[in-house]
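Bear in mind these aren't lab numbers, they're just calculated from the coordinates by the rules spelled out. All figures in this text were calculated on a predicted structure; none of them were measured in a lab. Note that each Cβ is placed from the backbone with ideal geometry, even for glycine, and that neighbours are counted across all protein chains shown.
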Amino acid sequence: MADKQVIAVIFGGRSVEHDVSVLSGLQFLEALDPGRFEGLPIYVDPLGQWWTGAALKKRSRYPLEGSETKDLSQVMLDLAAPATGRPQLIAFQKGLMGEKRVSLPFDLMVPAIHGSNGEDGTLQGMLDFAGIPYAGCRTLGSAATMNKVFTKAVARTHGIKVLPEVTFKRPPKGKFLDADTVAPALKAMEGMDFPYIVKPANLGSSVGVGKADDMDGLIAALMTAFRLDSDVIVEPFVSNLTEYNIAVRRGADGTTLTSAIERPKRDAELLDFKNKYLAGGEPGGPKLDTGPSEGMASLNRVLNPDELTDAQESFIRGSASKIFDELALAGSVRVDFLCNSETGALWFNEVNTIPGSFAYFLWEAAKEPVSFLKLTSAMVDEGFRLSANRLGQTDAGSSGATIFRRG
């Protein structure tokens, strides 16, 4: 039997979504096909240090503190092309003869870092630069969808209904927002008045999202969001708000596939981070060592809600597929929609290219169910295909672009 391919799953990171990223990374590792793959955990701590070790597969190891790293190896990614042809991590381990360099080869990396410095194209760009195969969205799609304003502009271009919005830039130090500077910009929203929704333009998981019922509330919500992002968007609040989400991926034959639709339940007016990841769970969040059925899947939700009309379902599936295709996305992507449950009006909201738990529970409930094990295998296989097809020859001699003498 051929050697198993080593799949490095990277999670954690310097992001406000660090903790949920750990959950998603551990779940992906648990769901890898043990007959084909060997999982290699790579944990990025909040300081940006990279660690690996078998113990990192246990949820009980988080958060890491001080002496808890004794059985782990701190590593760095080798950006040069190794002689073996396989990408590798480099660890420096202490021994009797001093420090020695140890190579840890792998075959493909799976980004499971949510939000900043992972889902936004920065990690994908580094992997492209180094020629390292990876799963999921490529650099362009990752960067484009992280910016909610850009993604909505693409949706508008293709006739997909979105809410109007106004974008505010973080004020320079020493300058403050007030009603005189904020009010004129709101006129761009077609005369829509309070309440408004305020959210960072480049974050996911409902982090930093707030509702403003008046001008004082709006300024306060803007200042809160500016702590997390330099760009903040303001949109009209949707009355009788209901949210619907759907996952999208590409089949091996190139067709665009959509999952079950979910309606998340919530015990508050907004579906914030706590509602999204901690609802219905145990204190401290869901536990993963017992199997892949917890985590994001433990959120109170209705799958395939029967209140959706054929027209509404068609809008959700068609719009999600269109966005996926136009931005050349990959992996398992979740697309979110807003709905006024009384009027039935629907709007495209945003795209999550690395959704919590990779949205596997939506695929398990699809018309043609896909298990998490099959989903991870499909994502890995797609990652190898996309990475192999990325570029042609890159040496200067192949294009006649030489200036300096060689050899």
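A few notes on this one:
- Calculated [222 nm] ellipticity per residue, helices only, for the chain: -8000 deg cm²/dmol; basis is -39500 (n - 2.57) per DSSP H run with n ≥ 4, divided by all residues, nearest 500.
- Listed by Cβ neighbour count within 10 Å, with the fewest neighbours leading, Ile113, Ile90 appear as Ile90, Ile113.
- Separation of the Phe92 and Ala54 label points, Cα + 7 Å toward Cβ, nm: 2.7
- At R0 = 56 Å, FRET efficiency that the Cβ-Cβ distance of Lys173 and Lys367 yields, to 0.05: 0.55
- Segment Leu303..Phe129, full-extension length gain: 58.7 nm, with 0.36 nm per residue of separation and the alpha-carbon distance subtracted.
- Shown for Arg36, Arg59: other C-beta atoms within 10 Å of each C-beta, ranked fewest to most, produce the order Arg36, Arg59.
- As a length-normalised measure over Cα pairs under 8 Å and 6 or more apart, the relative contact order of the chain settles at 17 percent.
- Inter-label distance for Thr181 and Ser314, nm, one decimal - labels placed 7 Å from Cα along Cα-to-Cβ: 4.8
- Beta bridges per DSSP, both residues in the stretch 5-136: antiparallel share near 55 percent.
- Straight-distance crosslink candidates among lysines, where the alpha carbon sits under 27 Å from Lys161 and sequence neighbours closer than 8 are dropped: Lys148, Lys152, Lys169, Lys187, Lys199, Lys211, Lys265, Lys276, Lys322, Lys367
- Shape category assigned to the stretch 129-216 from the gyration tensor of Cα positions, a/c cut at 1.5: prolate
- Each peptide in 20-28, 229-237 gets a packing score, the mean of other Cβ atoms within 10 Å over its residues, and the list from highest to lowest is 20-28, 229-237.
- Spin-label zone in the stretch 313-344 - amide nitrogen under 16 Å from a point set 7 Å from the Cα of Asn240 along the C-beta vector: 338-344
- Helix 18-31 and the longest principal axis of the C-alpha atoms of the chain enclose an angle of approximately 60°.
- Subtracting the Cα-Cα distance of Asp325 and Lys100 from their residue separation scaled by 0.36 nm leaves 76.3 nm.
- Difference of contour (0.36 nm per residue) and Cα-Cα distance, Asp193 to Ala80: 35.2 nm
- Nearest 10 degrees, 0 to 90: helix 310-326 Cα axis against the chain principal axis: 40
- Helix 215-226 and the long axis of the chain differ in direction by around 0°, with both axes built from C-alpha atoms.
- Per-residue Cβ neighbour rank within 10 angstrom, fewest leading, His114, His18: His18, His114
- Cα gyration tensor, the stretch 5-136 - rounded (a/c under 1.5), prolate or oblate: rounded
- In summary, the lysines within cross-link reach of Lys70, defined as a Cα separation below 21 angstrom excluding same-chain residues under 8 places away, comprise Lys57, Lys58, Lys94, Lys100.
- Prolate is the label for the chain, because the ratio a/c of its alpha-carbon gyration tensor axes (a ≥ b ≥ c) is 1.5 or higher and a/b is greater than b/c.
- Here the stretch 124-179 is assigned +1 on the Cβ of each Lys and Arg and -1 on the Cβ of each Asp and Glu. Its dipole about the Cα centre then comes out at about 200 debye.
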